[in-house]
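Here is the structure we will look at.
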Amino acid sequence: MYLRNVTPRTLLWTILGALAFMALSAPVAQADPPFGGTIYAVPGLLNDSDPSTFDALAFEAVVQAEHFDHRPGAWVRQDFFRFRASFADGQVVTFDVNVEFADQRKAHQVARLYALILGQIPVILRQSVVTVVVHATGADWSAGSGEINIHHGNYEADLALGILEESMIHEGAHLALDALHERAPGWRRAQERDDAFISDYAATFPRTEDVAESFVTYLAMTSDPDRVPDTVRRQIAATIPARLAYFDEVFTAGSLWP
């Protein structure tokens, strides 16, 4: 989850809860994280010229559905334009686009933008996605229970920063990896051996964000060398070697990138 815009009250309770949990169970990091957030550290990991497995997008209906909305910070039953996105390997993902977008044509354009990006991320992450929800305003992204929740208000800024694809990777990692690895003994041992976190975000939320934050940089280490500067690669390798080794044991060669 990346919270780009949060209210002071929400942020306060989120941080207090995380600090309380960290005091009880988190390993103590001895070194300052090299990055604030890993999506900002490797903005060239994917870009809009990369191939996508996205195939087609079809409108189904206007439906009423309950999805999380970061603006009130609650689950809200609202009307959505529902689309069916299909991918080259046969996967189908539901796109629920808030009717606050001007009309069905605009909603289709927005759904297609994110379907193209979803088709670019590694298939092991995409296959855990059941639904993508898009709200017109706000800036936060989050993921849970098979759903990626996107607030489109920061689209132009994220596009300029080059972090749209990396944000999708991060949220896809939450869906595909958290349940399997967050509490795995091997992952906990890797955290302890590294004695550091790759980002401030991972350090603040070690039990909910460390897997996704670390996985983004693991992808950077396994990608085309021209995509990520050597200085960044060296920082990653020096900071989380045990986590990188853990991921190496989990993922076979060639299973991440086509």
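The values are calculated or read from the model by the stated rules, or taken from the named source; none is laboratory data. These numbers come from a predicted model, not from an experiment. Every residue, glycine as well, gets a Cβ built from its backbone with ideal geometry; the counts of neighbours run over all protein chains shown.
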(message) Being surrounded by 13 or more Cβ atoms within 10 Å (Cβ to Cβ) and either of a type outside the set (Phe, Trp, Tyr) or closer than 22 Å to residue 124 by Cα (or both) is the filter here; which residues of segment 147-161 pass it?
(response) 147, 148, 149, 150, 151, 152, 153, 154, 158, 161
(message) Given (1) out of contact with any Phe, Trp or Tyr (no Cβ under 6 Å at 6 or more places or on another chain); (2) farther than 21 Å from residue 63 by Cβ; (3) assigned to a helix (DSSP H, G or I), identify the lone condition not met by residue 116.
(response) (1)
(request) Kindly check whether there is at least one residue in segment 70-92 that is under 18 Å from the mean Cα position of the chain (by Cα), modelled with pLDDT of 95 or more and either assigned by TED's automatic domain parsing to the domain that holds residue 198 or among the charged types (D, E, K, R) (or both). (result) no
(request) Show the residue pairs that are 6+ apart or on different chains and have beta-carbon atoms under 8 Å apart, the first residue being within segment 73-91 and closer than 17 Å to residue 59 by Cβ, the second being hydrophobic (A, V, I, L, M, F, W, C) and assigned to a loop (DSSP other than H, G, I, E, B). (result) 79/99; 80/99; 81/99; 81/101
(request) May I ask you to list pairs of residues, at least six apart or on different chains, whose Cβ atoms are under 6 Å apart, with the first in segment 196-222 being more than 12 Å from residue 243 (Cα to Cα) and assigned by TED's automatic domain parsing to the domain that holds residue 238 and the second being assigned to a loop (DSSP other than H, G, I, E, B) and among the β-branched types (Val, Ile, Thr)? (result) 220/42; 220/228
(request) Among the residues of segment 200-245, write down those that are in a loop (DSSP other than H, G, I, E, B) and more than 16 Å from residue 32 (Cα to Cα). (result) 207, 208, 209, 223, 224, 228, 229
(message) So residue 138 passes all but one of these: (1) modelled with pLDDT of 95 or more; (2) in a loop (DSSP other than H, G, I, E, B); (3) among the small types (Gly, Ala, Ser); (4) out of contact with any Lys or Arg (no Cβ under 7 Å at 6 or more places or on another chain). Which condition number does it fail?
(response) (4)
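Results for (1) farther than 18 Å from residue 150 by Cα; (2) outside any strand (DSSP E or B), shown as yes or no for each residue.
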residue: 58; (1), (2): yes, no
residue: 62; (1), (2): yes, no
residue: 76; (1), (2): no, no
residue: 79; (1), (2): no, no
residue: 82; (1), (2): no, no
residue: 100; (1), (2): no, yes
residue: 110; (1), (2): no, yes
residue: 128; (1), (2): no, yes
(request) Working carefully through the options 184, 136, find the one that is over 22 Å from residue 36 (Cα atoms), assigned by TED's automatic domain parsing to the domain that holds residue 240 and surrounded by fewer than 22 Cβ atoms within 10 Å (Cβ to Cβ). (result) 184
(request) Identify the single condition in (1) surrounded by fewer than 24 Cβ atoms within 10 Å (Cβ to Cβ); (2) in a helix (DSSP H, G or I) that residue 196 does not satisfy, given that it satisfies every other one. (result) (2)
(request) Say whether the condition of being closer than 24 Å to residue 50 by Cα and under 19 Å from the mean Cα position of the chain (by Cα) is met by at least one residue in segment 191-212. (result) yes
